[in-house]
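Worksheet for the structure shown next.
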Amino acid sequence: MPGFPDQFANMIQQFHQNNVRVYFPYNPWDQGTREEGVPDYQSIAQLWKLVGADGFNGDTMSNIPESFFDASYNIGHPIALEAENLAAPVPNLNWQVIGWGYWDYPEIPCVSTFKWLIPKHVTNVCNRWATDHTNDLQYAFFNGVGFESWENVWGIWNQIVPRDAEALRRVATILRFFGNVLVTPYWEPHTPTLQDGAYASKFPSETNNGTLWTLVNRSNKNLTGPQLEVLHVDGLNYYDVYHGVKLNPTRSGTNDVLSFFLEANGYGAVWATQFSPDSNFLQFLSRMNSISTHPLEYYSNVWNFLPQ
């Protein structure tokens, strides 16, 4: 392959400098590529270490043998293994740390079993042929997992519509900022909400520096007014991080009631903390305030095919 290995390694290093991990496809069905003379799990481990790659996506693979991880671990360069189909045996979660999710989408959001078992497991929700990604984006946000932003499907162009693209920008910004919080073992999916159609997940930080709620509005109407009711704690500050503003709770007995806007088929997020905001958080809050200026309905949800 042109540029291999030096230019490959340089490219990966540049991605790493921007905090981006790099993994490549592995096609076990490929019978036309020259064999390396050793089993695939050995050659992948050696090549990935040579260029500094972080993992691979096992195309069509539900069950990635442990030998792939062991081979990389044994030479001092453990890699992340992503299975395409998540119908894997539970023990495989010990080495299959990423995977695609082909999910169904009832109105009430389903809970990711693998994330429930191992909070650090990352599922990337995949719905490659969809022309409306509201369901898969909402399910990803509710579960605090990833989304497969796939437009060029083997050369067939399935462009994400402007509304979904804008929603993806917003939820990705939130999920990335709170990445360390989303892997908490204290995750509480379907924590109580105050309005029909709204569903929330609660992510109390493992380091006790705050709590994140991610919310989705599964209804076709805007929801205004009270959304969450939580136990009052002196000195606790609340932020509507989706809109980038501080919230002023109202008291109801021993609880705080949080009111904010949830757009029809939209998203919301709240961060509660007793710590003073640092510059990094204030910069994030300012960005969210800027990119949420327009509601999602401002953006077109009309899908158009690509003229040939």
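Numerical summary
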item: Over the chain, relative contact order from alpha-carbon pairs under 8 Å, at least 6 apart, %; result: 12
item: Mean Cα-pair separation over length for the stretch 95-208, i.e. relative contact order, pairs under 8 Å, 6 or more apart, %; result: 22
item: Tail beyond 18 Å, pair distance distribution of the stretch 142-208 (Cα, percent); result: 54
item: Protection proxy ranking, peptides 6-18, 116-128, average beta carbon neighbours within 10 Å, highest first; result: 116-128, 6-18
item: Estimated FRET transfer efficiency (T254, K120; beta-carbon r; R0 30 Å; 0.05); result: 0.35
item: Rough spin-label spacing in nm, given labels placed 7 Å along Cα→Cβ, for L194 and Q31; result: 6.3
item: Gyration tensor (alpha-carbon) shape descriptor, the stretch 160-308, a/c threshold 1.5; result: prolate
item: Full-extension gain in nm, T207 to H77, via 0.36 nm per residue minus C-alpha separation; result: 44.0 nm
item: Three-way shape label, the stretch 119-231, alpha-carbon gyration tensor, a/c 1.5; result: oblate
item: Beta bridges per DSSP with both ends in the chain, % antiparallel, nearest 5; result: 70
item: Accessible area (Å², per residue) of the stretch 1-145, counting only protein heavy atoms and a probe of 1.4 Å; result: 54
item: Rough spin-label spacing in nm, given labels placed 7 Å along Cα→Cβ, for A172 and E151; result: 1.0
item: Exposure of E151 as accessible area (Å², to 10), given a probe of 1.4 Å and all protein chains; result: 50
item: S62 paired with F4, simple spin-label distance in nm, labels 7 Å along Cα-to-beta-carbon; result: 3.0
item: Using a Förster distance of 30 Å, the FRET efficiency for D40-A165 (Cβ separation, nearest 0.05); result: 0.25
item: Spatial separation of Cα centroids for the stretch 201-226 and the stretch 67-122, in angstrom; result: 25
item: Two-decimal Rg/Rh across the chain, once Rg and the Kirkwood Rh are taken from alpha-carbon atoms; result: 1.00
item: Sulfur and carbon atoms: percent of accessible area, the stretch 259-308 [1.4 Å]; result: 52
item: Mean residue ellipticity (222 nm) of the chain, computed from DSSP H runs ≥ 4 via -39,500 (n - 2.57), nearest 500; result: -8000 deg cm²/dmol
item: Efficiency of FRET between Y186 and C110 - r from beta-carbon atoms, R0 22 angstrom, step 0.05; result: 0.65
item: Nearest-ten-degree value, helix 6-17 long axis tilted from longest Cα axis of the chain; result: 10
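The values are calculated or read from the model by the stated rules, or taken from the named source; none is laboratory data. Please read all numbers here as calculations on a predicted model, not as lab measurements. Here the Cβ is made from the backbone with ideal geometry for all residues, glycine too, and neighbour counts use every protein chain on show. For the accessible areas, the whole protein counts, side chains as well, though only heavy atoms, and no ligand, DNA or RNA atoms are used. Shrake-Rupley method; radii C 1.70, N 1.55, O 1.52, S 1.80 Å.
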